[in-house]
Structure formats: structure tokens, C-alpha cells
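So the structure is just underneath, and the comments pick up after that.
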Amino acid sequence: MSKKGNMKKQSLLLLIILIVPIFSSLTIVGEKWISEKQNGYTIFYDSKDKKDILEYKVYFENGKKSVTDFLKNSYSSEFNIYIHPTRASLDSSWQKDWNMPEFKSQCWMVASGIADKLDIISPKKWDSLACEHTYSNTIKTQNLITHELIHVFHGQQNKSPDFSDVDRIDWFVEGLATYASGQCDSIRILEVKKALLDNKIPESLNEFWTGNLKYGLSGTVVMYLDNKYGREKLTSLLKYNTIKELLNSLDTTESEIMNGWKKYMKEL
Ligand SMILES: [Zn+2]
């Protein structure tokens, strides 16, 4: 064998050494998606989840209908739903999307929604791969999926489609998804009413999406805005990515909202 041939062999070997880890990491994170086009969206899933897709589709369809009924409008564009077979697969997606290569999700995190996609751990695996979620609790499972589908709709209307460029509107983004999905249930409302009586309410809306009561606090503020200004006005706020624009559009101030909300909650 000539020297030249040897060199060729060596560089080929080097190429294989370099390429193989790239391919194997792709396999580990489950990039071999099976896709299924639906009306308005496409589902991507791993072969391991194939048997459950029909069941999941019912949740997606119900959720989509709840969203469009609530917001009285249809989605402005198509989106993708990724059903992740493992938590590592979900993390790898978030690491790429958020440009945070070291990101590791916490056990309660199972899904996210932005304008063009919804990422979710295969719901039947929540019991083993997550904490705080039980697939067999069908109402909570549906509400969670509807919550993410609200985020998708919201992202399609918002100036920041992936909510990366927003200023102090977490309470609105999460409050809307919580309220419109039905997650702001009587238990959460009672918890907020109790916190009001105990004077344990954060001082600014910016802090509403923090702590144990974040769903109840943010959800009931959006419920209050819906009651005060009406559904059409509420929907018109989806395009804004700053609290300043939101308050301007409602011709109000943060303290006026806080005071109005407190009164509304006490009478609820
Ligand atoms: Zn959310």
C-alpha cells in the first residue's frame, strides 16, 4: 500500500471518528421523528409513542377548539407538536431553542408553547418522567395541553413570537393560558381569596407569576380584565410585548388594575 493510500485511509478514519459522535448524539435525543399532518398542525413523534397518538390527538383537538372558541378566532398559521419520548429529548429541544446548552428542566416541567410549536413529554410518561402530573387525571391533562395551545395562539399574535423579547408581561401570558384553559379553578380562586384576606399579595403584577399561587394570581387578574373590558378587548392585547403598551391600550395604570382586581376578588 502506498503512503498516499495510507494517508487517505487515516483521514477517512479521522472523518469517521469526528462524524460518528454527531450522529450518535442525534439518535440519543430521538431525532428520528415520525410526522403526521393534521388540520392546522403537524404531530411529530417517536415510534415508541405510535400506539398512543390517536388518544393524544383527542386532547389536541379538544384543546384547539377550546382556544379558538375562547378567543373567537382561528390560529393565524400552522404549527408543529413534538411529542418527546424522553426528558432528554425535551431538554435538547429547549437547549437549542433558548440557546442554553447546559439547561436541565425541572421535574414539573412537561411542556411549552410558542408561535410555531408545542413541545411536550409524551403524556402517558408523565407519571414516571415528571412530578406533579398524572396522565389519568384527564381534566388536568386536558387543561395543561389547552394551556400550551393558548401560548401557541398568543405567540402567533405577539410581537415576540417565542416570548423571548417581552417586558413584564409574564403575568398576562401565563394568566391568559391559565384562565382560558380552565386551570383557574375554584380551588385556586379560594387560595387567592385567602391570600387576600391574609394580606399576602405581591406588590406588583410583575411578581404575580412567582411563588405557589402564581397560577391563581395571574389567572384571576386576566379573569378580572376579561370581565371588566370584555373578550374582544382582552384578545386585542395579545399583540403587545410590553406592560407599557398593554396599560396604554387599556388606558389604565398598574395600581388601578391591582385595586380593581382586589375588589373583584373580594366580591367573587
Ligand atoms: Zn404557560
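The values are calculated or read from the model by the stated rules, or taken from the named source; none is laboratory data. Remember, it's a predicted structure, so these values are computed and weren't measured experimentally. Counting neighbours? That spans all protein chains shown, and the Cβs are built from the backbone with ideal geometry, glycine included.
Does W98 meet the test of being within 16 Å of the ligand (Cβ to nearest atom) and exposed (fewer than 13 other Cβ atoms within 10 Å of the Cβ)? Steps first, answer last, please.
Numbers: within 16 Å of the ligand (Cβ to nearest atom): yes; exposed (fewer than 13 other Cβ atoms within 10 Å of the Cβ): yes.
Yes: the conditions hold for W98.
When we screen T146, T141 for residues that are among the hydroxyl-bearing types (S, T, Y), surrounded by 22 or more Cβ atoms within 10 Å (Cβ to Cβ), at pLDDT 95 or above and farther than 23 Å from Y264 by Cβ, the only hit is T146. All conditions but one from (1) away from the ligand (no atom under 14 Å from the Cβ); (2) under 25 Å from S76 (Cβ atoms) apply to L129; the one that does not is (2).
Identify, from the list I201, I139, I189, the residue that is farther than 23 Å from T253 by Cα, of a type outside the set (D, E), more than 12 Å from the ligand (Cβ to nearest atom) and not assigned by TED's automatic domain parsing to the domain that holds E61. Can you show your working first?
Numbers: I201 fails: farther than 23 Å from T253 by Cα; I139 fails: not assigned by TED's automatic domain parsing to the domain that holds E61.
Result: I189 is the single residue among I201, I139, I189 that is farther than 23 Å from T253 by Cα, of a type outside the set (D, E), more than 12 Å from the ligand (Cβ to nearest atom) and not assigned by TED's automatic domain parsing to the domain that holds E61.
Restricted to helices (runs of 4 or more DSSP H) entirely inside the stretch 159-268, those with at least 2 residues that are surrounded by 16 or more Cβ atoms within 10 Å (Cβ to Cβ) and either touching a Gly at 6+ places or on another chain (Cβ under 9 Å) or not β-branched (V, I, T) (or both) are 170-181, 186-197, 214-229, 243-250, 254-267.
A quick yes/no check of all residues on (1) among the hydroxyl-bearing types (S, T, Y); (2) free of Cβ contacts under 8 Å to residues at least 12 places away in the same chain:
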| site | (1), (2) |
| --- | --- |
| T134 | yes, yes |
| N158 | no, no |
| F163 | no, no |
| G182 | no, no |
| N199 | no, yes |
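In the stretch 202-215, the residues that are within 15 Å of N259 (Cα to Cα) form Cβ pairs under 8 Å with partners that are crowded, with 19+ Cβ neighbours inside 10 Å and small (G, A, S), at six or more places apart or across chains, as follows: F208/G175; F208/S218.
Would you say L144 is within 11 Å of the ligand (Cβ to nearest atom), in contact (Cβ under 8 Å) with a residue 60 or more places away in the chain and assigned by TED's automatic domain parsing to the domain that holds V67? Talk me through it step by step, then tell me what you get.
Working: within 11 Å of the ligand (Cβ to nearest atom): yes; in contact (Cβ under 8 Å) with a residue 60 or more places away in the chain: no; assigned by TED's automatic domain parsing to the domain that holds V67: yes.
Judged against the criteria, L144 is not a match.
Which residue out of Y45, Y41 is in contact with a helix residue (DSSP H, G or I) (Cβ under 7 Å, 6 or more places away or on another chain) and either at pLDDT 95 or above or surrounded by fewer than 18 Cβ atoms within 10 Å (Cβ to Cβ) (or both)?
On the way: Y41 fails: in contact with a helix residue (DSSP H, G or I) (Cβ under 7 Å, 6 or more places away or on another chain).
Just one listed residue meets the conditions, Y45.
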